[in-house]
Amino acid sequence: MNTEKTFIQRERIHKKNEVPQWRLAKKSMKKHWQFYLLIIPPVLYFIIFKYIPMVGAIIAFKDYSVIKGIWGSQWVGLKHFDAFFSNPVAMDLIKNTLLLSIYQLVVGFPIPIILALMLNEIRNGVFKRSVQMITYAPYFISVVIIVSIITMVLHPRIGIVNSIIGIFGMDPINFMGNNEMFRSIFVWSDVWQNSGYAAIIYLAALAGIDPQQYEAAKVDGASRFQRIMNVDIPGIMPAAIIILILNVGNLMAIGFEKVYLLQNPLNLSASEVLQTYVYKMGILNANFSLASAVGLFNSMINLILLVVVNAIAKRISGNSLW
């Protein structure tokens with residue numbers, strides 16, 4: 001009993017002498033005020049441009065009128081969601097978005113990893129820097145110029161591809177007017193534009209691998225390919241899993257600008273996706289409520305995918321966003 005009383009008294013004294021958390025936080029802010037000052041602009045940016053606009057999603061449940069405003073417009077519940085899903089084009093839009101997104105993920109995710117592994121194995125510094133410059137450069141070209149390049153290269157009459165085809169006596173191909181070719185044109189041009197820049201993260205992860213692991217692998221007689229498989233890939237796996245989670249979380253968020261610019265009446269059945277539909281309904285047709293409902297549906301699918309894939313990755317590999 002005496003021992004228990006002594007323990008309780010010590011606990012009370014400890015709690016009495018314990019400094020409150022708010023005082024510790026205040027002391028830390030005074031000591032490192034410069035860092036907290038640097039945090040303010042990005043926090044304000046996210047609050048003003050990301051969180052506050054979320055309130056506008058309420059118009060998906062209203063018959064929005066510009067005159068009445070968001071709060072004055074009539075509440076209609078799930079009317080616009082029902083209108084979208086009862087539309088015959090809804091399933092085609094979802095199918096096109098999923099096919100294009102999955103194609104982009106399957107092709108675009110592993111190629112930067114392969115490129116980073118290849119660059120990591122190059123020992124000639126001049127050649128390595130040249131390859132890096134060539135692969136990084138397309139990332140800094142605007143989408144409009146990229147689409148213009150694609151259109152000119154694949155033009156049926158003056159495009160270089162059809163000129164080469166004509167040398168072999170074949171008829172020119174209208175690539176941009178072919179539904180079956182649209183997805184490949186979009187995805188592979190995206191790979192060309194973004195793979196070099198995306199490889200930077202994996203190169204940084206490779207640079208962080210302990211050199212002793214390579215030395216131990218060499219002592220064990222591992223070939224270059226075996227070192228890649230047993231040292232490099234495990235070393236970049238945490239970064240790769242995080243990027244995969246983010247990519248899956250944005251699975252339905254295809255870049256609107258490029259799809260819209262590549263779109264034409266001939267390939268519309270394959271190129272019309274949720275993002276272009278939202279633009280046409282919301283901006284061109286001024287049906288803001290329907291466009292918001294479709295956009296909200298798209299965002300919810302992305303959120304669900306992000307949470308599910310993050311949970312699966314955490315359970316399997318132990319790496320996750322949270």
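We did not get these values from a lab; they are worked out from the coordinates using the rules stated. What you see is a predicted model; the values in this text were computed from it and never measured. Glycine gets a Cβ as well: all are built from the backbone with ideal geometry, and neighbour counts include every protein chain shown.
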Computed FRET value (nearest 0.05) for Val107 with Lys26, which takes r as the C-beta separation and R₀ as 45 Å = 0.30
Exposure proxy ranking, count of Cβ atoms within 10 Å, fewest first, for Met176, Met300 | Met300, Met176
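By the scheme Lys and Arg +1, Asp and Glu -1, what is the net charge of all other residues having a beta-carbon under 15 Å from that of Trp322?
Numbers: positive: Lys314, Arg315; negative: none.
My count for the surroundings of Trp322 gives +2.
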Taking Lys280 as the anchor, which aspartates and glutamates have their alpha carbon closer than 13 Å to its alpha carbon, excluding any fewer than eight residues away along the same chain?
-> Glu257, Glu272
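Can you sort Trp188, Trp22 so the residue with the fewest Cβ neighbours within 10 Å comes first? The partial results should precede the final answer.
Working: Trp188 16, Trp22 8.
Starting with the residue having the fewest Cβ neighbours, the order is Trp22, Trp188.
Among His80, His155, His32, which comes first, then next, by fewest other beta-carbon atoms within 10 Å? Mind showing how you got there, number by number?
Working: His80 26, His155 17, His32 10.
Going from sparsest to densest Cβ surroundings: His32, His155, His80.
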Given the Cα-Cα distance of Asn87 and Ile233 and 0.36 nm per residue of separation, how much length would full extension add, in nm?
-> 47.9 nm
One finds the C-alpha centres of the range 211-259 and the range 58-92 to be spaced, in Å, by 44
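With Cβ to Cβ distances under 12 Å as the rule, what net charge do the other residues near Gly235 carry (K, R +1; D, E -1)?
Every neighbour counted, the sum reads -1.
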Counting Lys and Arg as +1 and Asp and Glu as -1 over every other residue whose Cβ sits under 15 Å from the Cβ of Ala286, the net charge comes to +2
Answer with a single label: of (i) 27.2, 102; (ii) 24.7, 80; (iii) 34.2, 128, which was calculated as Rg and Dmax of the Cα atoms in Å from the structure in view?
-> (i)
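Give the relative contact order (percent, whole number) for the chain; include only Cα pairs under 8 Å separated by 6+ residues. Spell out each step's value before the answer.
On the way: 290 pairs, mean separation 73.0, N = 322.
Computed over the chain, the figure is 23 percent.
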Lys26: which aspartates and glutamates have alpha carbons under 18 Å from its alpha carbon, excluding same-chain residues fewer than 8 sequence positions away?
-> Glu18
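Kyte-Doolittle mean at least -1.0 and Cα extent at least 18 Å along the axis: which DSSP H helices of the chain qualify? Mind dumping the intermediate values first?
Details: long enough: 2-17 (22 Å, -1.94); 33-46 (20 Å, 1.43); 90-108 (26 Å, 1.18); 179-207 (42 Å, 0.58); 233-249 (23 Å, 2.16); 288-316 (42 Å, 1.61).
Qualifying helices: 33-46, 90-108, 179-207, 233-249, 288-316.
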